[in-house]
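What follows is a single structure, written as structure tokens, with notes after it.
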Amino acid sequence: MKIKALIGAALLGWSSLSLQAQQLNADCGVSFADGQLIKQRLMENRRLVDPAEIAAFQQSRNIKYIPVKFHIVGDANGENTVSLSNVFAMLCDMNNDYRSQDVQFYMQGVSNSVNYFNNNTVYNDGGGFGSQNIMFNNKSAGAVNIFMSASVNNQVASYYTPAGDFIFVLNQMANGTSSTGTHEVGHFFTLNHTFYGWEGADVTIYEPGNAPNLINGSSVEREARTGGSANCSSAADGFCDTPADYVSFRDNCPYTGGVKDPLGVAVDPMESNFMSYYADACVDSFTAEQKSAMAADILSRWNSFSAPTPNAVVSGAGISAVAPSNGGSVELNGDITLEWTAVSNATAYYINIERTFGGIPIETVTEKIVYGTTSTTIPQADLGFPRQYSWTVRPLNQLNTCGATSPAQSFSTTAPTSSVIGEEFSSMSEMRLMQNPLAGSTAELLINLPKDLVASLQVFSLDGRKVAGLDKIQFFAGDNAQLLEVGQLSNGVYMVVLNTPYGNLQQKLVIQR
């Protein structure tokens, strides 16, 4: 297999961009009107739930197990969904953040713990009225329902809707590094933003002077916690141990704006609070009053907090992939079978197969949860030949999704002995662009071929003119990397064509500098 050195650097660039995307903060879509409904339920819980019951609930130190139903929404073809590994990471992160109040979340359902459904409406616009109706009708009873979708035409922020009583999370915010899941579950349990009332308002126009008495028609919270000027139990989020906070946009910590409350007292917000809008790196805690409010809401929603069975920690330390053998080859003449070793307390296994190029993963081919067995079949249609793949397995149960993953196991696929290259060239070959749209002057192509051959690369404009190309290029069976200079081309859409003795491959190229 001949691979040029550009592959490693380019793919590492992809990984870096992906990591940066995961660390971006995003706004929350809970509106001022939604906040009014959340606050109404908070006040009802204060009136209806016995404080002694709340105290006993918190002091028992028994873990309260809360079921969560994850709904992964793809387009009509089931494509472009959030990865299961990111969903598991979000659950682990939520459990870490709620552990101090003895609350742990687990996946509802022993054999159907994640609900997949395909719907273009939700996929295209996760915040629309029609989408919210669809999600409402797909809720699972007795659980915290969390829906995840790309929302490609409307990058609506993640949100909790008190009317529908479910959470929506953008695909890119479902991970183990963002606090989005923890924040939205806080809304579910009657917590408002610490800056509630300032939604859509800009505190910077008042800096470094005094804030007004009213904002959006509501009383502005004062800095005083006690005494005649204190209004913390009724204004803003309704908690007196969350200091006054007027910052309703994503901000870094510490706050340095210098705004004062309506009485001229300097405001010192709690940048570490999960319900604030400070950067994910800043937030790490709830206050005692917030925890009591969540306990009251949990008591009002559930009367049983039993752990799922089994609930023991799943250790993936000893798990290993068995077949195909590491580094082996598989003739792709039908579905292939993956096998692995069993792990105690595991009720399911997460399988992830990645296409590799030069030993570096370039895309996820298949991921799935396998319940109650240590083998699974992968359809031939999901794979190609001759290709390189790696796969891993992670043991799970409803409560534990954070266990170790097996070491990656590699295998290659070969063509069936009955295949004829001339007749099946397109299905046995692959060409893709590393960056598309392309902002630079050099296109980097990954080309996989079933045999050694000499071919040409040509670039055509949409009116059929040849505008760039290379002739008599030696390619080898398997994976190849090829550079193509296109710096002379203007912005636009082009077609890249690989001409071989056995047939052609085509790939659309978009240049956008």
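The values are calculated or read from the model by the stated rules, or taken from the named source; none is laboratory data. Every value quoted in this text rests on a predicted model; they were computed, and no experiment measured them. In this analysis, Cβ positions are derived from the backbone assuming ideal geometry, glycine residues included, and neighbour counts consider all displayed protein chains.
Checking each residue in the stretch 165-179 for being buried (at least 17 other Cβ atoms within 10 Å of the Cβ) and not β-branched (Val, Ile, Thr) picks out Phe166, Phe168, Leu170, Asn171, Gln172, Met173, Ala174, Asn175, Gly176, Ser178, Ser179. Looking at Asn216 and the list (1) in contact with a Gly (Cβ under 7 Å, 6 or more places away or on another chain); (2) without any contact (Cβ under 8 Å) to a residue 40 or more places away in the chain, which single condition is not satisfied? All conditions pass for Asn216, except number (2).
Kindly indicate whether any position in the stretch 86-107 is outside the structural domain of Ala348 (by TED's automatic domain parsing) and farther than 21 Å from Val185 by Cβ.
Of the stretch 86-107, the ones outside the structural domain of Ala348 (by TED's automatic domain parsing) are 86-107.
Next, from what is left, pick out any that are farther than 21 Å from Val185 by Cβ: none.
No, the stretch 86-107 contains no residue that is outside the structural domain of Ala348 (by TED's automatic domain parsing) and farther than 21 Å from Val185 by Cβ.
Taking the criterion of being surrounded by fewer than 18 Cβ atoms within 10 Å (Cβ to Cβ), among the polar types (S, T, N, Q) and either within 19 Å of Thr366 (Cβ to Cβ) or assigned by TED's automatic domain parsing to the domain that holds Leu299 (or both), would at least one residue in the stretch 144-154 satisfy it? Looking for residues that are surrounded by fewer than 18 Cβ atoms within 10 Å (Cβ to Cβ), among the polar types (S, T, N, Q) and either within 19 Å of Thr366 (Cβ to Cβ) or assigned by TED's automatic domain parsing to the domain that holds Leu299 (or both), one finds at least one in the stretch 144-154, hence yes.
Yes/no per residue for (1) surrounded by fewer than 17 Cβ atoms within 10 Å (Cβ to Cβ); (2) modelled with pLDDT of 95 or more:
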| site | (1), (2) |
| --- | --- |
| Ala211 | no, yes |
| Asn216 | yes, no |
| Ala230 | yes, yes |
| Val265 | yes, yes |
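Before we move on, is Gly257 more than 30 Å from Ser375 (Cβ to Cβ) and over 27 Å from the mean Cα position of the chain (by Cα)? Yes, satisfied. Checking the stretch 292-303 against the condition returns a match, with at least one residue being in a loop (DSSP other than H, G, I, E, B) and out of contact with any His (no Cβ under 7 Å at 6 or more places or on another chain). For the stretch 321-336, a residue qualifies if it is touching a strand residue (DSSP E or B) at 6+ places or on another chain (Cβ under 7 Å) and loosely packed, with under 13 Cβ neighbours inside 10 Å, and the qualifying residues are Gly327, Gly328.
A quick yes/no check of all residues on (1) touching a Gly at 6+ places or on another chain (Cβ under 8 Å); (2) assigned to a loop (DSSP other than H, G, I, E, B); (3) outside the structural domain of Phe357 (by TED's automatic domain parsing); (4) within 12 Å of Met431 (Cα to Cα):
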residue: Ala455; (1), (2), (3), (4): no, no, yes, no
residue: Asp463; (1), (2), (3), (4): no, yes, yes, no
residue: Val467; (1), (2), (3), (4): no, no, yes, no
residue: Lys472; (1), (2), (3), (4): no, no, yes, no
residue: Leu483; (1), (2), (3), (4): no, no, yes, no
residue: Tyr494; (1), (2), (3), (4): no, no, yes, no
residue: Leu505; (1), (2), (3), (4): no, no, yes, yes
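Only residues that are modelled with pLDDT under 90, part of a strand (DSSP E or B) and among the β-branched types (Val, Ile, Thr): list them for the stretch 304-344, please. Across the stretch 304-344, there are no qualifying residues. Within the stretch 461-490, residues that are of a type in the set (D, E, K, R) sit with their Cβ atoms under 6 Å from residues that are part of a strand (DSSP E or B) and at pLDDT below 95, at 6+ positions apart or across chains, in these pairs: Asp479/Phe357; Asp479/Asn448. When the stretch 289-346 is filtered for residues that are free of Cβ contacts under 8 Å to residues at least 40 places away in the same chain and among the charged types (D, E, K, R), the ones remaining, listed by number, are Arg301, Glu339.
Is it the case that Thr414 is β-branched (Val, Ile, Thr) and either under 18 Å from Leu505 (Cα atoms) or out of contact with any helix residue (DSSP H, G or I) (no Cβ under 9 Å at 6 or more places or on another chain) (or both)?
Yes, satisfied.
Highlighted here are the strands (runs of 3 or more DSSP E) found entirely within the stretch 382-438 that include at least 1 residues which are aliphatic (A, V, I, L, M), touching a strand residue (DSSP E or B) at 6+ places or on another chain (Cβ under 6 Å) and at pLDDT 90 or above: 387-396, 430-433.
Would you mention how many residues in the stretch 199-221 are among the aliphatic types (A, V, I, L, M) and part of a strand (DSSP E or B)? If you could, list the steps in order and put the result at the bottom.
Residues of the stretch 199-221 that are among the aliphatic types (A, V, I, L, M), as a first pass: 201, 203, 205, 211, 214-215, 220.
Among the residues that remain, those that are also part of a strand (DSSP E or B) are: 214-215.
Residues in the stretch 199-221 being among the aliphatic types (A, V, I, L, M) and part of a strand (DSSP E or B): 2 in total.
Within the stretch 267-281, take every residue that is hydrophobic (A, V, I, L, M, F, W, C) and modelled with pLDDT under 95 and give me the one that is farthest from Val103 (Cα to Cα). Filtering the stretch 267-281 for residues that are hydrophobic (A, V, I, L, M, F, W, C) and modelled with pLDDT under 95, the one farthest from Val103 (Cα to Cα) comes out as Ala279.
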